[in-house]
Amino acid sequence: MSAVGPLQGARLSGERDAQRPSGASTSTASPGAALVELAGVSVVFDGRVRALDDVTLAIGKGEIVGLVGESGSGKSTLCRVIMGLTPPSSGTVKVGDRPVGEQLAQAPLAFRRRAQLLLQDAVASLSPRMTIGRTLEEPIAIHALPRAETLTQLAAILQRLGLSEDVLAKFPHQISGGQARRVGVARALLMRPEIIVADEPTAGLDVSVQGDLLNLLLDLQRELGLTYLLVSHNLNVIRRVTGRTAVMYLGQIVEEAATHDLFGRPAHPYSAALLSTNPAVDPRKRVQPIVLQGEIPSPVNPPSGCRFHTRCPVAQPRCSTDPPLLLPLDGQRHVRCHFPFSLDRRRH
Amino acid sequence: MTPLVSIRRLKLEATTARGTAHILRGIDLDIGKSRILGVVGESGSGKSSLATCLVRLLPANLSHVSGEIVFDGVDLLALGERAMNAYRGTRIAMIFQDPMTALNPLFTVGTHLVDVLRRRHPGMPRDTAEGRAIAALSSVGIADAALRMASYPHQLSGGMRQRVMIAMALLVEPDLLLADEPTTALDATVEAQIVSLLEDLRRSFAGSIVFISHHLGLVAQLCDDLCVMYGGTIVESGPVDEVLGAPRHPYTRALLDCELDDEAAGGRLVSIPGEVPDPVDVRNACVFAPRCMHAIDRCRESVPALRGAGPARLAACIRWEELAATAQQGNGT
């Protein structure tokens, strides 16, 4: 575990491409090369809680797609469906041309290597009874990986992540939150995944170190051609890092667009309200927040028609009876609204 | 104008297995009357400890508390427990971060509200108190306030519970309201509702507010003054727009650079290299020097004093004048 060798098949070259805009390379992926495809996916718990309702989303190879929405909107269920941890009640979920369920039935370990999950609570995602070293070496036995080669790779990954080898002898409670995040990233990378689903990767991190972690994720994406689905409450993170963003409300995707377009001019009233809630530090950039009434309704008994009509400031009679579909708009985005762009943000 | 609260040389230490932890390392701070003071800083900077000092709800493992907190002429740290208790929930009130655990699950909303009112005004008739409680619930945007009086905390959503907490704090009409990350546990659209409520209330509320947050944008929107904490010290304070518009301390500058703000994608993301200071370290240098890109030998020789840095502004940096001049040149040309 001492020699630091090159990571085969993947050059980890540090500061290369530093000038390249982080989001630009990701928004050009053609829809034909989708790595992840969800078509009409619904998840119903206990026969009555519709956690996901008719979700259609494609993630191209090498893309970074952001997922935003409030608690109860279905973000985590969507992550679990892609990871094969929650089977869809209806609809199809494919990762790399084949349904996830089929891959899990035929070659579960191969699928687990293909898709890796970064959990929100990084410390809790590590076993408190195992040293970091044992946790990171565990997949060698499970996946029957060549031991010497994998350990060499692990050393290279740790070095790349800025983790010293001292960390291997420690237990999770002995390391910082930022280190635990990086251990989680190391564990995921060791499997050489094609897609990483990152659930709130910067939650609980101080702002002074959050940039480090995001730069690292971006570097790895460029160097290894990784694909990310990034869930975050932090709209600034989504805006800076992702190429495309899907906005969820009550189990549905209500808008999906290039991140630049979405933040520039949200089409769905909920997107407009959500994005307006992020006060800027610079008073000149501050927008009047759109304050919605009430709170997100229960998915057990969602509102009729458009699920957002009960809180929508610009709802019309049709919205309470006629459920809108997620339809293409201007060939650039998909919006689930009868009256897109009707709620515009006003500047101070 | 004399400030409502004057904190001087406030030190807090605790004994840990690794040695003495310096939680607050000599805080000097004034809280103006009817002002909203934002306190920002990363985890471990001491911002929550500062708030708990002001109500003196300190953890039991403290080994050393010194300095003074003069509240309207009285040093709170010198008071006996009984005398201090007379201030809590009367002249000083607090809104906690987590509305889920701050309300007693065994009591109704009405009991919570009536109790704080009758503590503040002993002898107030029950029906008067109930009437005022219902009015307070309405004023924080709770529909069917009279019906909600009979609800238990578990029957309310997180946003509603935080509204109840705010109603409780306002009923007391405190001179000093402490709000420790009051919106952090809430969803974005609910957070916007609470922030908009706080903005409305600041017009009618006569007391001073200490608003603790890690969200610079929120603080910029809500507060009059700002105090930036790092490693148990105050590194900079002053009127919020001036501090954020032209920071005097390199740490404030670095925090703003990390903020991402609403800039579109492009370039590297900024971080502050190094790690937050260890509370166990004995300090005889600038607390930020190990991570500061402007640090020189002199910064490592002694602890810089918090000193004047423009009208109503203070900064704990020996180089702020030079750095401000350089920044000015950079902007001007």
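The values are calculated or read from the model by the stated rules, or taken from the named source; none is laboratory data. What you see is a predicted model, and the numbers here were worked out from it, not measured in a lab. For neighbour counting, all protein chains shown are included, and Cβ atoms are generated from backbone atoms with ideal geometry for every residue, glycine included.
So here's what we get for this one:
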| read-out | value |
| --- | --- |
| A:ARG284 being out of contact with any Cys (no Cβ under 8 Å at 6 or more places or on another chain) and without any contact (Cβ under 8 Å) to a residue 12 or more places away in the chain | yes |
| Residue list for segment B:283-302, restricted to those being under 22 Å from B:LYS11 (Cβ atoms) and touching a residue at least 40 places away in the same chain (Cβ under 8 Å) | B:ARG283, B:VAL287, B:PHE288 |
| Residue count, segment A:241-259 (criterion: within 10 Å of chain B (Cβ to nearest Cβ) and out of contact with any Lys or Arg (no Cβ under 7 Å at 6 or more places or on another chain)) | 3 |
| Lone qualifier among B:GLY110, B:GLY38, B:GLY67, B:GLY26 - being touching a residue at least 60 places away in the same chain (Cβ under 8 Å) and either within 28 Å of B:LEU186 (Cβ to Cβ) or in a loop (DSSP other than H, G, I, E, B) (or both) | B:GLY38 |
| Whichever residue in segment A:133-166 is among the hydrophobic types (A, V, I, L, M, F, W, C) and without any contact (Cβ under 8 Å) to a residue 40 or more places away in the chain and, among such residues, is nearest to B:GLY274 (Cα to Cα) | A:LEU163 |
| Members of segment B:141-187 found to be assigned to a loop (DSSP other than H, G, I, E, B), within 14 Å of chain A (Cβ to nearest Cβ) and not acidic (Asp, Glu), listed by number | B:GLY141, B:ILE142, B:ALA143, B:LEU156, B:SER157, B:THR183, B:THR184, B:ALA185, B:LEU186 |
| Failed criterion for A:GLU194 (all others in (1) under 19 Å from A:ARG112 (Cα atoms); (2) buried (at least 20 other Cβ atoms within 10 Å of the Cβ) hold) | (2) |
| Some residue of segment A:183-194 being within 14 Å of another protein chain (Cβ to nearest Cβ) and touching a helix residue (DSSP H, G or I) at 6+ places or on another chain (Cβ under 7 Å) | no |
| Number of the exception - A:VAL231 against (1) under 16 Å from the mean Cα position of the chain (by Cα); (2) among the hydrophobic types (A, V, I, L, M, F, W, C); (3) within 13 Å of chain B (Cβ to nearest Cβ) | (3) |
| Matching residues, segment A:287-301, being touching a residue at least 40 places away in the same chain (Cβ under 8 Å), crowded, with 18+ Cβ neighbours inside 10 Å and more than 25 Å from the chain's Cα centre (by Cα) | A:ILE290 |
| Residues of segment A:200-217 satisfying the condition of being farther than 18 Å from B:SER45 by Cβ and more than 7 Å from every other protein chain (Cβ to nearest Cβ) | A:GLU200, A:PRO201, A:THR202, A:ALA203, A:LEU213, A:LEU216, A:LEU217 |
| Filtered residues of segment A:128-163 (kept if under 27 Å from the mean Cα position of the chain (by Cα) and on the phi > 0 side of the Ramachandran plot) | A:GLY162 |
| Identity of the residue in segment A:328-338, assigned to a loop (DSSP other than H, G, I, E, B) and modelled with pLDDT of 95 or more, that ends up farthest from A:VAL314 (Cα to Cα) | A:ARG336 |
| Residues that are out of contact with any Leu (no Cβ under 7 Å at 6 or more places or on another chain), surrounded by 13 or more Cβ atoms within 10 Å (Cβ to Cβ) and assigned to a loop (DSSP other than H, G, I, E, B), drawn from segment B:282-295 | B:ARG283, B:ALA285, B:CYS286, B:VAL287, B:PHE288, B:CYS292, B:ALA295 |
| Candidate set from segment A:267-282 (those that are out of contact with any helix residue (DSSP H, G or I) (no Cβ under 7 Å at 6 or more places or on another chain) and over 10 Å from A:GLU255 (Cα atoms)); member that is farthest from the other protein chains (Cβ to nearest Cβ) | A:ALA272 |
| Index of the failed condition, B:PRO279 passing every other in (1) in a loop (DSSP other than H, G, I, E, B); (2) touching a residue at least 40 places away in the same chain (Cβ under 8 Å); (3) within 12 Å of another protein chain (Cβ to nearest Cβ) | (3) |
| Positions within segment B:1-23 being in a strand (DSSP E or B), touching a strand residue (DSSP E or B) at 6+ places or on another chain (Cβ under 7 Å) and either closer than 20 Å to B:GLY308 by Cα or not aliphatic (A, V, I, L, M) (or both), in sequence order | B:VAL5, B:SER6, B:ILE7, B:ARG8, B:ARG9, B:LEU10, B:LYS11, B:GLU13, B:THR15, B:THR20, B:HIS22 |
| Single residue of segment A:302-320 satisfying the filter (closer than 11 Å to A:TYR270 by Cβ and within 27 Å of the chain's Cα centre (by Cα)) that is surrounded by the fewest Cβ atoms within 10 Å (Cβ to Cβ) | A:ARG311 |
| Residues that are within 14 Å of chain A (Cβ to nearest Cβ) and either surrounded by fewer than 22 Cβ atoms within 10 Å (Cβ to Cβ) or more than 15 Å from B:LEU177 (Cα to Cα) (or both), drawn from segment B:2-45 | B:ALA17, B:ARG18, B:VAL40, B:GLY41, B:GLU42, B:SER43, B:GLY44, B:SER45 |
| Segment B:70-92, subset acidic (Asp, Glu) and not in a loop (DSSP other than H, G, I, E, B), residue farthest from the chain's Cα centre (by Cα) | B:GLU81 |
| Some residue of segment A:232-242 being of a type outside the set (A, V, I, L, M, F, W, C) and over 27 Å from B:HIS215 (Cβ atoms) | no |
| Flag for B:ALA143 being in contact (Cβ under 8 Å) with a residue 12 or more places away in the chain and hydrophobic (A, V, I, L, M, F, W, C) | no |
| Test: residue in segment B:249-256 that is outside any strand (DSSP E or B) and surrounded by fewer than 17 Cβ atoms within 10 Å (Cβ to Cβ) | no |
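So that you can scan it fast, the table gives a plain yes or no per residue for (1) under 22 Å from B:VAL210 (Cβ atoms); (2) among the basic types (Lys, Arg); (3) surrounded by 13 or more Cβ atoms within 10 Å (Cβ to Cβ):
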| position | (1), (2), (3) |
| --- | --- |
| B:ARG88 | yes, yes, yes |
| B:ILE92 | yes, no, yes |
| B:ARG126 | no, yes, no |
| B:ARG148 | no, yes, yes |
